[in-house]
């Protein structure tokens with residue numbers, strides 16, 4: 001059974017992968033209409049309230065299921081690729097924003113002092129949420145107790161009976 005791979009460029013090369021060989025078909029130049037260009041998703045969500053949350057949860061759950069299967073079969077490179085996909089997927093971002101804005105601490109700003117308390121701000125956050133330019137801060141060592149005196153560490157202050 002052939003698998004088709006068509007790119008969204010005006011001049012496309014269709015590659016059909018059969019079991020034993022590859023066939024390349026060159027298509028003639030075509031103009032893409034603005035209606036067909038862009039996202040391949042059939043859903044047209046326009047605001048926060050129009051999102052089908054059941055579909056979002058199903059999409060994230062299926063990716064998580066695939067990650068678990070990859071780890072169980074010891075395909076760690078596949079699991080890493082799927083984790084990368086989940087972290088950058090549109091459904092993953094939607095579900096992350098939903099969970100952050102509907103939990104008990106939803107009325108508190110994060111470390112960036114931004115509060116997503118209205119549907120318009122949540123919708124805007126979908127576009128702003130990305131991993132580009134993110135650099136983790138170094139871990140800060142916080143001592144849970146005051147430092148011990150040096151005589152305690154060296155054992156020079158001993159009691160003799």
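So here's what we get for this one:
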| item | result |
| --- | --- |
| Residues of segment 91-126 classified as under 27 Å from residue 59 (Cα atoms) and more than 13 Å from the chain's Cα centre (by Cα), total | 21 |
| Criterion violated by residue 158 - all others in (1) closer than 26 Å to residue 90 by Cα; (2) modelled with pLDDT under 70 satisfied | (1) |
| Count - residues of segment 120-134 that are in a helix (DSSP H, G or I) and in contact with a helix residue (DSSP H, G or I) (Cβ under 7 Å, 6 or more places away or on another chain) | 4 |
| Residues of segment 120-137 classified as surrounded by 10 or more Cβ atoms within 10 Å (Cβ to Cβ) and more than 23 Å from residue 48 (Cβ to Cβ), total | 0 |
| Matching residues in segment 72-119 - criterion: being part of a helix (DSSP H, G or I) and either out of contact with any helix residue (DSSP H, G or I) (no Cβ under 8 Å at 6 or more places or on another chain) or exposed (fewer than 13 other Cβ atoms within 10 Å of the Cβ) (or both) | 72, 76, 77, 80, 81, 84, 87, 88, 96, 99, 100 |
| So residue 44, is it at pLDDT below 90 and within 16 Å of residue 126 (Cα to Cα) | yes |
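The values are calculated or read from the model by the stated rules, or taken from the named source; none is laboratory data. All of these numbers come straight from a predicted model, not from anything done at the bench. All Cβ positions, even for glycine, are placed from backbone atoms using ideal geometry, and neighbour counts span all protein chains on display.
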